[in-house]
1. Does the range 29-39 contain at least one residue that is modelled with pLDDT under 95 and loosely packed, with under 11 Cβ neighbours inside 10 Å?
2. Using beta carbons and a limit of 8 Å, which pairs, at least six apart or on different chains, have the first residue in the range 36-49 and of a type in the set (Ser, Thr, Tyr) and the second one surrounded by 11 or more Cβ atoms within 10 Å (Cβ to Cβ)?
3. Across the range 1-27, which residue is nearest to residue 55 (Cα to Cα) among those that are surrounded by 14 or more Cβ atoms within 10 Å (Cβ to Cβ), at pLDDT 90 or above and of a type outside the set (Lys, Arg)?
4. May I ask you to verify whether residue 66 is more than 18 Å from the chain's Cα centre (by Cα), modelled with pLDDT under 95 and not acidic (Asp, Glu)?
5. Out of all the residues in the range 9-35, which are farther than 22 Å from residue 58 by Cβ and either polar (S, T, N, Q) or free of Cβ contacts under 8 Å to residues at least 12 places away in the same chain (or both)?
6. For residue 64, state whether it is among the aliphatic types (A, V, I, L, M) and touching a Leu at 6+ places or on another chain (Cβ under 9 Å).
7. Which condition number does residue 24 fail, the rest of (1) closer than 13 Å to residue 64 by Cβ; (2) of a type outside the set (Lys, Arg); (3) not in a helix (DSSP H, G or I) being met?
Amino acid sequence: MGVEGQAGFGEAAVDEFRVVLDALCVSTVQELALTRFVQRLPASTALGREEVVDSIGPTVQRYLTAPAP
């Protein structure tokens with residue numbers, strides 16, 4: 001049995017999967033920060049806190065909590 005009860009899925013592959021998801025999470029938040037605070041794009045700066053959380057929150061949460069394949 002491999003990691004997380006799946007046959008043939010090694011620990012190194014799980015670590016690599018986590019690294020990819022972490023990078024996706026960081027890039028999502030960085031993109032928002034870039035468009036909102038550096039470029040000051042109207043569509044991004046017009047969003048309120050709740051709108052930001054509602055729009056990118058599920059994606060960030062999925063990246064941080066996704067189970068290994």
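The values are calculated or read from the model by the stated rules, or taken from the named source; none is laboratory data. Fair warning: this is a prediction, and the values are worked out from it, not measured in the lab. Glycine gets a Cβ as well: all are built from the backbone with ideal geometry, and neighbour counts include every protein chain shown.
1. As a first pass, look at the range 29-39 and keep what is modelled with pLDDT under 95: none.
No, there is no match, as no residue in the range 29-39 is modelled with pLDDT under 95 and loosely packed, with under 11 Cβ neighbours inside 10 Å.
2. Listed pairs, sorted by first residue: 44/32; 44/35; 44/36; 45/36.
3. Restricting to residues being surrounded by 14 or more Cβ atoms within 10 Å (Cβ to Cβ), at pLDDT 90 or above and of a type outside the set (Lys, Arg), the top hit is 25.
4. No; evaluated as a whole, the condition is false for this residue.
5. The answer is 10, 11, 12, 15, 16.
6. Considered against the rule, which asks whether it is among the aliphatic types (A, V, I, L, M) and touching a Leu at 6+ places or on another chain (Cβ under 9 Å), residue 64 comes out as yes.
7. (3)
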